[in-house]
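Participant: This structure is in structure tokens; I'll ask about it shortly.
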Amino acid sequence: DQGMELGLLRHADALSANGGSIPTDDSRPLSEKGHVQARDVGAFLKISGRIPDLILCSPFVRARETAGGVVRGLGLSVPIIQVAALACEVKTTIQADSILKAVEGARLGKRTRVLAVAHMPDLSMLAAHYLSCDENSLGFEKAGLALMEFPGYPEESAGQLIQWTNPDLHALVAGTTD
């Protein structure tokens with residue numbers, strides 16, 4: 001049977017825009033802490049046997065750097081595709097359609113795992129869209145991860161939440177805690 005796992009990951013901790021070397025919100029890079037958080041997510045996914053076949057990410061620097069850090073933490077080569085609609089404050093249905101188009105375009109086989117790296121509040125709305133629940137009940141902290149399972153491709157109200165994790169758990173599993 002064709003099933004799919006979709007992970008929604010909020011970008012890791014990032015530096016603030018300062019009008020100088022970091023002029024705009026979309027140019028904000030990860031902080032040192034954020035780089036560790038991103039690698040920890042990758043290590044967590046590898047250790048828990050949930051290695052993504054494909055990573056989709058917002059074009060914003062902090063999301064792209066998070067995706068790259070996840071790949072480093074996995075220690076494996078996983079394709080990363082930038083999806084313009086995963087940038088901040090894009091309508092939920094447009095984001096969901098863009099994820100679906102990217103997954104279909106990648107022509108991955110059965111039991112596919114996809115990770116999408118994006119932003120708040122969009123991730124709460126996207127999770128609510130897939131899980132058919134109240135968006136206000138779903139807060140993603142930085143580097144917070146929701147894993148959902150679908151009977152086929154990810155569609156509205158068809159998802160089932162299978163794991164909700166945070167950076168502390170990722171660090172614990174990855175072995176980077178003090």
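The values are calculated or read from the model by the stated rules, or taken from the named source; none is laboratory data. Everything numeric in this text was worked out from a predicted model, so none of it was measured. Don't worry about glycine lacking a Cβ; one is built from the backbone with ideal geometry, like all the others, and counts go over all protein chains shown. For the accessible areas, the whole protein counts, side chains as well, though only heavy atoms, and no ligand, DNA or RNA atoms are used. Shrake-Rupley method; radii C 1.70, N 1.55, O 1.52, S 1.80 Å.
Residues checked against (1) closer than 23 Å to residue 46 by Cβ; (2) modelled with pLDDT under 95; (3) out of contact with any helix residue (DSSP H, G or I) (no Cβ under 6 Å at 6 or more places or on another chain):
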site	(1), (2), (3)
69	yes, no, no
85	no, no, no
89	no, yes, yes
102	yes, yes, yes
134	no, yes, yes
139	no, yes, yes
146	yes, no, no
166	yes, no, yes
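Participant: For the stretch 55-97, how many residues meet the condition of being on the phi > 0 side of the Ramachandran plot and in contact with a Ser or Thr (Cβ under 9 Å, 6 or more places away or on another chain)?
Facilitator: The number of residues fulfilling the criteria is 0.
Participant: Restricting to the stretch 76-92, name every residue that is open to solvent by less than 60 Å² (accessible area, probe 1.4 Å) and free of Cβ contacts under 8 Å to residues at least 40 places away in the same chain.
Facilitator: Matches in the stretch 76-92: 78, 83, 85, 86, 90, 92.
Participant: Out of contact with any strand residue (DSSP E or B) (no Cβ under 6 Å at 6 or more places or on another chain) and under 23 Å from residue 46 (Cβ atoms): is that true of residue 118 in this structure? Spell out the reasoning first.
Facilitator: Details: out of contact with any strand residue (DSSP E or B) (no Cβ under 6 Å at 6 or more places or on another chain): yes; under 23 Å from residue 46 (Cβ atoms): yes.
Against the criterion (out of contact with any strand residue (DSSP E or B) (no Cβ under 6 Å at 6 or more places or on another chain) and under 23 Å from residue 46 (Cβ atoms)), residue 118 qualifies.
Participant: Select from the stretch 1-21 the residues that are open to solvent by 20 Å² or more (accessible area, probe 1.4 Å) and of a type in the set (A, V, I, L, M) and list them in ascending order.
Facilitator: Within the stretch 1-21, 15, 17 qualify.
Participant: Within the stretch 46-76, which residues are farther than 18 Å from residue 126 by Cα and small (Gly, Ala, Ser)?
Facilitator: 48, 49, 67, 68, 69, 73, 75
Participant: Moving on. Go through the stretch 62-74 and give me each residue that's out of contact with any Lys or Arg (no Cβ under 6 Å at 6 or more places or on another chain) and open to solvent by less than 60 Å² (accessible area, probe 1.4 Å).
Facilitator: Correct list: 63, 65, 66, 67, 68, 70, 71.
Participant: Can you tell me which of (1) farther than 25 Å from residue 14 by Cβ; (2) at pLDDT 95 or above; (3) open to solvent by less than 10 Å² (accessible area, probe 1.4 Å) is the one residue 112 doesn't meet?
Facilitator: Among (1) farther than 25 Å from residue 14 by Cβ; (2) at pLDDT 95 or above; (3) open to solvent by less than 10 Å² (accessible area, probe 1.4 Å), residue 112 violates only (2).
Participant: For the stretch 150-164, how many residues meet the condition of being assigned to a strand (DSSP E or B) and surrounded by fewer than 17 Cβ atoms within 10 Å (Cβ to Cβ)?
Facilitator: Total meeting the criteria: 5.
Participant: Scan the stretch 1-30 for residues that are among the small types (Gly, Ala, Ser), in contact with a Lys or Arg (Cβ under 9 Å, 6 or more places away or on another chain) and part of a loop (DSSP other than H, G, I, E, B) and jot them down.
Facilitator: Within the stretch 1-30, 3, 12, 16, 17 qualify.
Participant: So, in the stretch 107-146, exactly how many residues are closer than 18 Å to residue 63 by Cβ and either outside any loop (DSSP other than H, G, I, E, B) or in contact (Cβ under 8 Å) with a residue 40 or more places away in the chain (or both)?
Facilitator: Adding up the residues that qualify gives 20.
Participant: Only one of (1) surrounded by fewer than 21 Cβ atoms within 10 Å (Cβ to Cβ); (2) out of contact with any strand residue (DSSP E or B) (no Cβ under 9 Å at 6 or more places or on another chain); (3) at pLDDT below 95; (4) more than 23 Å from residue 43 (Cα to Cα) is not met by residue 176, so which one is it?
Facilitator: So residue 176 meets the others, but not (4).
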